[in-house]
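Visitor: Take a look at this one; I'll ask things after.
The values are calculated or read from the model by the stated rules, or taken from the named source; none is laboratory data. Every value quoted in this text rests on a predicted model; they were computed, and no experiment measured them. Note that each Cβ is placed from the backbone with ideal geometry, even for glycine, and that neighbours are counted across all protein chains shown.
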Amino acid sequence: MFSLGGGSWKITGSDGAWLKTFEEKGIKTIPFKASNCAFKIDWNSKFIEDNEGIPLKNITISCANKKQKGEAVITRFGLEGNAIYGLSPQIRAQLKLHNKALIYIDFKPTFTLENVASKIKNSNFKNTTQILKKELKLSPSQITLLKTYLSKDSYLNAEIISKYIKKFPLEVNDLSILDEAISTVGGIDINAVDTNFQLHKIPNQFCLGEMLNWDAPTGGYLLQACASNGVFLAKYLNKID
């Protein structure tokens, strides 16, 4: 029974070096790629100098047709956090096709576009920054993002800024390096094992956990799934013993 891990965090021994051994046995494998990782964004230099390490809280990030709620931390490399980790498959797919991926941040996911526009237009505050801070409770980093990436005219236009608060675009240019990813996708092709994790080509040899090619969610779910794989296989082996 093999449970050899993925290809990240070499310091723990999980370096994926076993992949070649399985390939040599004629078992179909897939190269490792980063998942649940940081994503590269070429920030405006002034923005990142002032905002590195600051979290964007209570947001929703979307890519393709998937949305993920949570928070993301602004890093010099780009963005990381639970609001973007879950979009790893969608971002990777766009990067493969276009060498870039487009994500959208919703700074006020509990408000509709109409709610946001109404708050701005009906505010007693005259200053746009004050409106965003007092009426919409946007954080300084969120407001700075809008100021940095919108023209002055767009920032002061209630209709335009409302749309950007609900759908702020950012371009992702790359994944973090493999060794810094929380988990990896790739490994033993899922079709190389049967429903009990037994290798089709080598009877009585089982592979389970992150070494199988599946895009695992993070936040403890990966650990739980790997442990559940083990319990499932143990019950199966006990039954046929």
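Visitor: Please specify each residue of region 216-241 satisfying the condition of being in a helix (DSSP H, G or I) and among the β-branched types (Val, Ile, Thr).
Guide: The answer is Val231, Ile240.
Visitor: Okay, moving on. Thr218 fails exactly one of the following numbered conditions: (1) out of contact with any helix residue (DSSP H, G or I) (no Cβ under 8 Å at 6 or more places or on another chain); (2) surrounded by 13 or more Cβ atoms within 10 Å (Cβ to Cβ). What is the number of that condition?
Guide: (1)
Visitor: Something else about it: When you scan region 42-104 for strands (runs of 3 or more DSSP E) that lie fully inside it, which ones turn up with 1 or more residues that are polar (S, T, N, Q), farther than 14 Å from Gln142 by Cβ and outside the structural domain of Ala216 (by TED's automatic domain parsing)?
Guide: 55-63, 66-74
Visitor: Evaluate the following for Ala38: is it touching a Lys or Arg at 6+ places or on another chain (Cβ under 9 Å) and either within 24 Å of Ser183 (Cα to Cα) or touching a residue at least 60 places away in the same chain (Cβ under 8 Å) (or both)?
Guide: no
Visitor: Checking the structure you have, find out if any residue of region 12-25 is outside any loop (DSSP other than H, G, I, E, B) and in contact with a Leu (Cβ under 7 Å, 6 or more places away or on another chain).
Guide: no
Visitor: (1) modelled with pLDDT of 95 or more; (2) surrounded by 17 or more Cβ atoms within 10 Å (Cβ to Cβ); (3) of a type in the set (Asp, Glu): which one isn't true of Asp189, the others all being true?
Guide: (2)
Visitor: Of the residues that sit in region 100-132 and are in contact (Cβ under 8 Å) with a residue 60 or more places away in the chain and surrounded by fewer than 17 Cβ atoms within 10 Å (Cβ to Cβ), which one is farthest from the chain's Cα centre (by Cα)?
Guide: By that ranking, first place goes to Lys100.
Visitor: I'd like to know if region 153-167 contains one or more residues that are closer than 25 Å to Asn44 by Cβ, in contact (Cβ under 8 Å) with a residue 60 or more places away in the chain and touching a strand residue (DSSP E or B) at 6+ places or on another chain (Cβ under 7 Å).
Guide: Checked region 153-167: at least one residue is closer than 25 Å to Asn44 by Cβ, in contact (Cβ under 8 Å) with a residue 60 or more places away in the chain and touching a strand residue (DSSP E or B) at 6+ places or on another chain (Cβ under 7 Å).
Visitor: Okay, moving on. Among the residues of region 184-201, is there at least one that is within 28 Å of Ile41 (Cβ to Cβ) and part of a loop (DSSP other than H, G, I, E, B)?
Guide: No, because not a single residue in region 184-201 is within 28 Å of Ile41 (Cβ to Cβ) and part of a loop (DSSP other than H, G, I, E, B).
Visitor: Let me ask another. Looking at region 19-51, which of its residues are at pLDDT 95 or above, buried (at least 16 other Cβ atoms within 10 Å of the Cβ) and among the charged types (D, E, K, R)?
Guide: Lys40
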